[in-house]
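Encoded as C-alpha cells, the structure appears first; notes follow it.
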Amino acid sequence: MRMILLGIQGCGKGTQADLLEKEFGWKHVNVGDLFRRHSENNTLLGQKARNYMEKGELVPDKLVFEVVLQELHNAKKGFILDGFPRNLEQMKFLLEKFTIDHVFLLDLDKNVAVKRISSRRHCQDCKLVYNLISRKPKKDGICDACGGKLVQRDDDVEEAVARRIEKFYQETGKVIDHFREQGNLIIINADDTLASIYSKIREYLS
Ligand code: AMP
C-alpha cells in the first residue's frame, strides 16, 4: 500500500496516519517529524532545515528528497505519506519513483485549522499529540502516556502558522488540483471526529 494524505495543517493527517500504521503496519512517513528529529539531533541536514521551519517556509526540495527517499525505500510493507508532496516538483519526484494507490484530501476550513493548531500540544518526551479542545490530557499539561511535559511546537506560533497556511494554498493546492483533475482524489470532511474520519478512510480502502 502506498498512500498520500493531503490537507491543511491541523486537519489531522498525522493522527489518521498513526491509526493506519498501527492497524496495517504501513509506515507513517511524516516529513515534518523527520526534519524535527534532524534538528533536535543537530545534524547538518537539521541545521540547514531549521531556519526554514521556524519561519514556516518550505525546506528546499533537495533536502526534502534526501530525507524522504531512504524512508520510502525502507518501507517494505508500504507507506502513508504525511506532509509530502507539498509542491509540484515533489509530486513529480515521487510519481517518477513510485506508483501510488490512494490519494486522500482531509478537507478542513482555514479558520477551523487555525483554531486547532493554536490548541495543539505534544509531549516533549514521547511526542504524543494532544489538542486542548478535542483531545485533552487527563491532567493539565501532562502526558497521559508517559507523564512528560506538554509543550507547543516552535512553529505553531501565529506568524509561522500564517505562512505555512499560505504555502499550503499556494503550493500544495497545485498538487491537490493535479490529483483532482486526474480523478484520483478522495475527499473526506475533516471537520468530524477522529473515529468517523478513520472509518471513512477504511471504507475507501476496502
Ligand atoms: P509539518 O510538521 O508537516 O507542519 O512540517 C513542519 C515544517 O517542516 C514545515 O513548515 C516545513 O518547513 C518543513 N517541511 C515538512 N514537510 C515538507 C516538505 N514536503 N517540503 C518542504 N518542507 C517541508
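Readers should treat all values here as calculations from the given coordinates under stated rules, not as data from a laboratory. Keep in mind that this is a model prediction, so the values were computed, not measured. Positions of Cβ are backbone-derived with ideal geometry, glycine not excepted, and every protein chain shown enters the neighbour counts.
Summary table below
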item: The range 29-53 residues that are closer than 14 Å to PHE84 by Cβ, paired with ones that are among the hydroxyl-bearing types (Ser, Thr, Tyr) and more than 7 Å from the ligand (Cβ to nearest atom) (beta carbon under 8 Å, 6 or more apart); result: ALA49/SER39
item: Qualifying residues in the range 89-99 (those that are more than 17 Å from the chain's Cα centre (by Cα) and either near the ligand (Cβ under 10 Å from one of its atoms) or not charged (D, E, K, R) (or both)) - the one surrounded by the most Cβ atoms within 10 Å (Cβ to Cβ); result: PHE93
item: Single residue of the range 70-87 satisfying the filter (aliphatic (A, V, I, L, M) and more than 12 Å from the ligand (Cβ to nearest atom)) that is nearest to the chain's Cα centre (by Cα); result: ILE80
item: Count of residues meeting criterion [in contact with a helix residue (DSSP H, G or I) (Cβ under 9 Å, 6 or more places away or on another chain), part of a strand (DSSP E or B) and touching a residue at least 60 places away in the same chain (Cβ under 8 Å)] in the range 90-134; result: 6
item: 3 or more residues within 25 Å of ILE100 (Cβ to Cβ): qualifying helices (runs of 4 or more DSSP H) within the range 1-74; result: 13-24, 31-40, 61-74
item: Boolean, ALA162 is away from the ligand (no atom under 11 Å from the Cβ) and within 26 Å of GLU23 (Cα to Cα); result: no
item: Residue count for the range 38-56, restricted to those that are within 11 Å of the ligand (Cβ to nearest atom) and either loosely packed, with under 15 Cβ neighbours inside 10 Å or hydroxyl-bearing (Ser, Thr, Tyr) (or both); result: 5
item: Condition check for PHE179: of a type in the set (Phe, Trp, Tyr) and under 15 Å from the mean Cα position of the chain (by Cα); result: no
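Quick grid of which residues meet (1) in contact with a Pro (Cβ under 8 Å, 6 or more places away or on another chain); (2) under 26 Å from TYR169 (Cβ atoms):
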{"residue": "VAL68", "(1), (2)": "no, yes"}
{"residue": "HIS73", "(1), (2)": "no, no"}
{"residue": "ASN87", "(1), (2)": "no, yes"}
{"residue": "PHE93", "(1), (2)": "yes, yes"}
{"residue": "THR99", "(1), (2)": "no, no"}
